[in-house]
Amino acid sequence: MTVATDRSEHDVTDTALAEAGARRIGWASREMPVLSQIRKRFAKERPLRGVRIGACLHVTAETANLAIVLRDGGASVALCAASEPQITMDDGADLVTELHTKRRELLADVRGGTEETTTGVTRLRAMAAEGVLAYPVVAVNDAMTKHLFDNRYGTGQSAVDGILRATNLLLAGKIAVVAGYGWVGRGIASRLRGMGAIVLVCEVDPLRALEGAMDGFEVTSIVAAAARGDLFVTATGNVNVIGKDAIAKLKDGAIVANAGHFNDEIDLKTLAAQATGQCRLRPFVEEYTLRDGRRVVVLGEGRLVNLAAAEGHPPAVMDMSFANQALSVEFLVKSAGTLKPQVYGVPRELDEEIARQKLAAMGMKIDTMTDEQTTYSRSWKAGT
Ligand code: NAD
Ligand code: SAH
């Protein structure tokens, strides 16, 4: 979908769906009050006037609402396209990589970029450390109002939603294994437990593993968990987390899904190599029959199950992620010429402002410290 000033520019399979799409976009916008506030201000102030933005994001009703805000701020926005952008907006560093490898002639025009997700930020930091990053990028994922809510509660809910839509599985009493106990893994583990599953956690980081243990989950290795689990969800950003050794142990009928990065986390090559047959049982449900007769069920081709088999995160959480995106683009435009080709965090004051606006929209109130409390909390002389 392209939201451009020239409405004839687009690459859309069926434009007859536009009206139904507009209703879905409107429905999502009802749950995006912070983004709506930004839209009103952008429409008045036009801080992005004349800026070309290339956004390589999942094309959803929530992303459409972000594109509308940027357009109302004066920008022309191309979704999922490398159309000579001045600002890039990525979800996994795809557009950045495309520009830095295959389309280097376009780099001169680019003023900055934003990155939506954990793995993208990791890649960008690696590029900056090697000195190859050509322009400044804001790590939207690192904002508190992004990963604390989107990665944790957004994925927690939408990954379970995707698994249930695909399978109609009863989670109560099932043994579910969550690989990775970062922001995404924590959210998924807590939601699966909330639905009555017995949840095991796998980690490589001792601190996170300990956190999982003290949150009340059994922590074990992926190979040990493989022999016990009915359902597996990967959330690591790593490759082949359900690899050869784990596949060798899976129970007959085990269901495997990924909520981390692309289709990298489940070793689909090994599964395919060991399979004597493959069968699509339902949409997003593919069964591999292995040589020894065991059946392994892969959801959504091993891609992000929440976006493949469901609708991604609900708009109420994308409200904050995309408020960060919109304000980060404004920050990049306003800071033009002053930033180095590095990875920048979202300025703390923007993060706090988004949290305040979200709380206000939710009808929640917070307290303000009295002068006495402010002095007390900053002093080393009092209270010891
Ligand atoms: P994170 O860095 O907080 O957590 C990842 C965890 O995985 C870490 O604790 C790490 O130690 C662990 N890990 C790494 N390799 C492992 C292995 N082999 N076995 C077990 N654990 C391992 O990252 P996050 O914010 O939780 O994001 C995780 C992934 O999910 C990233 O790829 C991110 O881009 C993606 N993500 C997906 C969605 C979605 O909508 N599905 C939303 C946000 C983020
Ligand atoms: N591009 C990679 C990594 C994506 S990580 C891939 O597709 O595998 C998933 C990202 O999707 C998260 O950072 C989250 O912010 C975003 N996302 C989740 N729900 C969404 C929605 N409803 N609309 C747009 N983006 C969404």
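The values are calculated or read from the model by the stated rules, or taken from the named source; none is laboratory data. None of the values given here were measured: they were computed from a predicted structure. Glycine gets a Cβ as well: all are built from the backbone with ideal geometry, and neighbour counts include every protein chain shown. For accessibility, only protein heavy atoms count, side chains too; no ligands or nucleic acids. Shrake-Rupley method; radii C 1.70, N 1.55, O 1.52, S 1.80 Å.
Points worth noting:
- Rounded to the nearest 500, the helix-only mean residue ellipticity at 222 nm of the chain stands at -12000 deg cm²/dmol, with each DSSP H run of n ≥ 4 adding -39,500 (n - 2.57).
- Accessible area of the chain divided out per residue, in Å², using a probe of 1.4 angstrom: 49 Å²
- Qualifying trypsin sites (Lys or Arg not before Pro) in region 21-73, DSSP loop, other Cβ atoms within 10 Å at most 16: Arg30, Arg49
- Region 216-284 - convex hull of alpha carbons, volume per residue in Å³: 107 Å³
- Highest mean packing first, where packing is the average number of other Cβ atoms within 10 Å per residue, the peptides 127-135, 267-275, 237-245 line up as 237-245, 267-275, 127-135.
- If the segment from Ala126 to Leu281 were pulled out straight at 0.36 nm per residue, it would be longer than the present Cα-Cα gap by 51.7 nm.
- Mean separation of Cα contacts under 8 Å (6+ apart) over length of region 109-188, as relative contact order %: 31 percent
- Between the beta carbons of Asp205 and Met362, assuming R0 = 45 Å, the FRET efficiency works out to 0.85 to the nearest 0.05.
- Fully extending the segment from Met369 to Leu17, taken as 0.36 nm per residue of separation minus the present Cα-Cα distance, adds 121.6 nm.
- Distance (nanometres) between label positions extended 7 Å along Cα→Cβ at Ala134 and Ala172: 5.7 nm
- Rg/Rh for the chain stands at 1.00; both radii use Cα atoms, and Rh follows the Kirkwood definition.
- Counting only Cβ charges, +1 for Lys and Arg and -1 for Asp and Glu, the dipole size of the chain around its Cα centre is about 300 debye.
- On the chain, 53 percent of the accessible area sits on carbon and sulfur atoms, based on a 1.4 Å probe.
- Protection proxy ranking of 86-97, 279-290 - average other beta-carbon atoms within 10 Å, highest first: 86-97, 279-290
- Equivalent ellipsoid dimensions for region 333-384 as semi-axes, Å, which come from the Cα gyration tensor, largest first: 32, 21, 8
- The length gained by stretching the chain between Glu218 and Lys334 to full extension, at 0.36 nm per residue less their Cα-Cα distance, is 36.9 nm.
- Radius 13 Å from Cβ of Glu105, net charge of other residues (Lys, Arg +1; Asp, Glu -1): 0
- Pairwise FRET efficiency - Lys251 versus Ala382, Cβ, R0 = 45 Å, nearest 0.05: 0.15
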